[in-house]
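Following: one structure in structure tokens, then a few remarks.
The values are calculated or read from the model by the stated rules, or taken from the named source; none is laboratory data. Predicted model, so just to flag it, every value in this text is computed and none were measured. Counting neighbours? That spans all protein chains shown, and the Cβs are built from the backbone with ideal geometry, glycine included.
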Amino acid sequence: MPRSLLLIPILFATACSSPGSNAQQPTGTADTPTPLPVPSGTPAPLPEGVPFTAIRVADFDSPFALAFLPDGAALVTEKAGQLQVWEVNQKAQAVTGVPKVAAGGQGGLLDVAPAPDFASSNTIYFTYSEPRANGSALALARAKLTRGKAMAPRLDNVEVLFRSGADGDGGQFGAVIAFAPDGKSLFLSSGERQRFTPAQDPNQAIGKILHLTLDGKPASDNPDAGKVGATSVQVIDPPEDTEAAKTAKGRPFAFDGPNPAPAAIWSSGHRNPYGLVFDASGNLWEHEMGPQGGDELNLIVKGRNYGWPNVSFGENYNNKPIPKPKAGDGYELPKLHWAPSISPSGLIYYTGSEFPQWKGSLLMGAMSGQALIRIALDGTNARKADQWNLDMRIRDVAQGPDGSLWLLQDGAKGDGGWLMRVTPKK
């Protein structure tokens, strides 16, 4: 998922600690970027009435995330564990050296993002569900991407920087990477693995937005910086609903070393966060899937609690109600919510020029909603502006280094999944 580093001056420390304050991958400089070559492909089957056309340029196997490198090449993750490098009008190349992933359900090879200094370091960051003794856990890793015309691309010097702990099976990983505007730290979304209550447990890193250094250590300005968590926690398997989670019996999980969770947490009370991005003012925006309904767009603020599973605008999958959020309940209200669910996935802050009327908006995909959605921003406020039905599950949205717009369709309908280049309708 594209996390471009917006090349603008930002007072990061002030911006991220309160409203008014994700970094995406590099989108060029303030000068006019060099356009990418015009891709060839076949017209994507879009419904009548959308204000754009799309060319299907490459096919992938259940793709999850898309990120562009400064030279215009694209990295695409496939959930089964393959990382692909695609260049315009060339066949995608598989990258060797990717660690083994625990593929299945919502797990696998997940997000990917070039480091802020990729142009000089060739470093990429990526997330995946790592096989563990008792299931799997979210892992954040980095590696050097080595590629050239006469060689197959590969990952060198792979190192795992952070593990969420609390191993288990199933559930949502979140796993989206967003670099801070100053390029010196990163934010990582961590899903609650469909276990509900850990999203409120400060000793567990799941159900949280985490703030880490580029080496994967808890950032020094986090709310509980320096705090060490419990040496073991109770891990529950996915219960039936929010009420059952409160009394579910767990099994002990002991950490291999000091538990970094409390010191790494930036915000808590999240369910399935699949979108994370900074706008031009330094505001950190996140979207997450609710249960049955209750998908949210949130403005992420340091130290705030976003309520899951204690409150939600959705309901349990067995139709049992969940208390609704309300002002004064101690939880941060979402800026927007959706019911029924749209299953948001992928999020960018659009700065391109091909769609000038969209500049400064958030663009996000919808999987069950099968749409591209535009969110208009006004400072720290947001409103639903446009929702274009595309009759396909949009897994990710990306902006190329030249400002071009790209969509990734995830292939859940049995058609494999593909990458699309989007242009205005003439």
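Figures for the structure shown
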{"item": "Matching option when the condition is out of contact with any Ser or Thr (no Cβ under 9 Å at 6 or more places or on another chain) and of a type in the set (Asp, Glu), among Asp391, Asp396", "result": "Asp391"}
{"item": "Boolean, Arg163 is surrounded by 20 or more Cβ atoms within 10 Å (Cβ to Cβ), among the basic types (Lys, Arg) and closer than 30 Å to Ala230 by Cβ", "result": "no"}
{"item": "Residue selected from segment 151-173 under the condition among the small types (Gly, Ala, Ser) and out of contact with any Gly (no Cβ under 7 Å at 6 or more places or on another chain), by the criterion modelled with the lowest pLDDT", "result": "Ala166"}
{"item": "Segment 234-282, residues that are assigned to a loop (DSSP other than H, G, I, E, B), closer than 25 Å to Gln399 by Cβ and touching a Phe, Trp or Tyr at 6+ places or on another chain (Cβ under 9 Å)", "result": "His270, Asp279, Ala280, Gly282"}
{"item": "Per-region count, segment 293-346, residues in a loop (DSSP other than H, G, I, E, B) and farther than 30 Å from Ala225 by Cβ", "result": "19"}
{"item": "Residue satisfying condition, being at negative phi, at pLDDT below 95, surrounded by fewer than 24 Cβ atoms within 10 Å (Cβ to Cβ) and not acidic (Asp, Glu), within set Lys100, Lys144, Lys91, Lys184", "result": "Lys91"}
{"item": "Residue ID - surrounded by the fewest Cβ atoms within 10 Å (Cβ to Cβ), chosen from residues in segment 365-396 that are basic (Lys, Arg) and in contact with a Leu (Cβ under 7 Å, 6 or more places away or on another chain)", "result": "Lys384"}
{"item": "Residues of segment 240-279 classified as buried (at least 21 other Cβ atoms within 10 Å of the Cβ), among the acidic types (Asp, Glu) and either within 18 Å of Gly226 (Cβ to Cβ) or more than 27 Å from the chain's Cα centre (by Cα) (or both), total", "result": "0"}
{"item": "Among the residues listed as Gly346, Gly293, Gly328, Gly352, the single one being modelled with pLDDT of 95 or more and either out of contact with any strand residue (DSSP E or B) (no Cβ under 9 Å at 6 or more places or on another chain) or within 20 Å of Gln200 (Cα to Cα) (or both)", "result": "Gly328"}
{"item": "Residues of segment 150-175 classified as assigned to a strand (DSSP E or B) and farther than 17 Å from Pro239 by Cα, total", "result": "15"}
{"item": "Identity of the residue in segment 102-138, assigned to a loop (DSSP other than H, G, I, E, B) and touching a Pro at 6+ places or on another chain (Cβ under 8 Å), that ends up farthest from Pro401 (Cα to Cα)", "result": "Ala102"}
{"item": "Some residue of segment 368-390 being part of a strand (DSSP E or B), in contact with a Pro (Cβ under 6 Å, 6 or more places away or on another chain) and under 29 Å from Pro309 (Cβ atoms)", "result": "no"}
